[in-house]
Every structure is written in structure tokens, then in C-alpha cells.
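Just so it is clear, none of the values below were taken in a lab; they were calculated from the coordinates. For clarity, every value in this text was computed on a predicted model and none was experimentally measured. All Cβ positions, glycine included, derive from the backbone under ideal geometry; neighbour counts span all protein chains shown.
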């Protein structure tokens, strides 16, 4: 009977060890997925904002700087301006016709919201409107 009492005592901490070993794999995996999601979210919001800014600047009655202002407004609404390093608007040729190109350079921290960052650069294009 003394041996039966010793058996369960040897395995009494096994569940804790199993939990720790599984968490050593699961936690980095979940954090990695969250990091990819953050980068993709910033990329998608800045891409949409660049396209919207290009359309705004390409309008017939657009004021100088309207595209950059619209791009920054869209980014501030979507993710906040702290990710964006630069927004530039310049004339460009789009499919052989005059247009506008808006480029947004943003930096996404590599470790969640802390740590060194990775640069994400996106560009939006629009054809410039002309008077009939």
C-alpha cells in the first residue's frame, strides 16, 4: 500500500509543467499573429488614406495641399498619426495621362507598440480631372 500512495504524488506537478511547456510555444505564436495583424492594419489604413488623398488632390477644384490634408485626416481617424513619418504629394503620370501620386511612409514597431520599427511605404494614384 505504501507504493500506491507514492505513485500519484510523483505526478502531482505534471499538469503545471505541461501547461508551462505549452505556453512557451503558444504565447510567442499568438504575439506573432498579433504583430502581423498590426502591420497589416497600418498598411491597409495608410493605403486607403493615400488613395483618398490622391483622389482629393486630383479633383478639378482642389486647393494646393488638399490631398496631403485629406490623407493625414484619414490616417488620424483610422490609426492615429503616431505611426506616420511622412506624407508626400506629387504630380505623376497614371496610365499615360496626368495624375497625382500620394506616398505615405509609416513606421510600425516590431514588438507590439514598443521596440524598433519596420518601415511601411504605400502609394496611392489618381488621374487628374480636366475641365470639359
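When the Cα centres of region 117-132 and region 96-110 are compared, how far apart do they sit, in Å?
6 Å
Where a ≥ b ≥ c are the square roots of the eigenvalues of the C-alpha gyration tensor, would you call region 32-76 rounded, which needs a/c under 1.5, or, failing that, prolate if a/b is larger than b/c, or oblate?
Numbers: a/c = 6.11, a/b = 3.38, b/c = 1.81.
Prolate is the answer for region 32-76, as a/c is 1.5 or above and a/b outweighs b/c.
On a 0 to 90 degree scale, rounded to 10, what angle separates helix 14-58 from the longest Cα axis of the chain?
Helix 14-58 sits at roughly 0 degrees to that axis.
Suppose only helical runs count, i.e. DSSP H with n ≥ 4. What mean residue ellipticity at 222 nm does that imply for the chain under -39500 (n - 2.57) per run, divided by all residues and rounded to the nearest 500 deg cm²/dmol?
Working: 3 runs with 67 residues, N = 132.
Mean residue ellipticity, 222 nm, calculated: -17500 deg cm²/dmol.
Could you state the angle between the C-alpha long axis of helix 66-78 and the longest principal axis of the C-alpha atoms of the chain, as a value from 0 to 90 degrees rounded to the nearest 10?
20 degrees
What is the calculated FRET efficiency for residue 31 to residue 72, with r their C-beta to C-beta distance and R₀ = 25 Å, to the nearest 0.05? Don't skip to the answer; put the middle values down first.
Values: r = 30 Å, r/R0 = 1.21.
In this case the efficiency is close to 0.25.
Tell me, Kirkwood radius of region 67-106 from alpha-carbon pair distances, in Å?
Details: mean 1/r = 0.0917 Å⁻¹.
Radius from the Kirkwood sum: 10.9 Å.
Suppose the chain between residue 129 and residue 22 were pulled fully straight at 0.36 nm per residue; how much longer would it get relative to their current alpha carbon spacing?
Contour length minus Cα-Cα distance gives 32.7 nm.
Can you compute the FRET efficiency between residue 118 and residue 15 using 1/(1 + (r/R0)^6), with r the Cβ-Cβ distance and R0 = 41 Å? Round to the nearest 0.05.
On the way: r = 39 Å, r/R0 = 0.95.
Computed FRET efficiency for residue 118 and residue 15 comes out at 0.60.
Given the convex hull over the Cα atoms of the chain, what projected area results after averaging over all orientations, in nm²? Walk me through the intermediate numbers first.
Details: hull surface 47.8 nm².
Hull-based average projected area comes out at 12.0 nm².
Which residue, 96, 13, 117, has the most motion in a Gaussian network model of the chain that connects Cα atoms within less than 10 Å?
Among 96, 13, 117, the largest mean-square fluctuation in the Gaussian network model of the chain belongs to 13.
If contacts are Cα pairs under 8 angstrom and at least 6 residues apart, what is the relative contact order of region 2-127 in percent? Don't skip to the end; give the middle numbers.
Details: 181 pairs, mean separation 29.9, N = 126.
Across region 2-127, relative contact order equals 24 percent.
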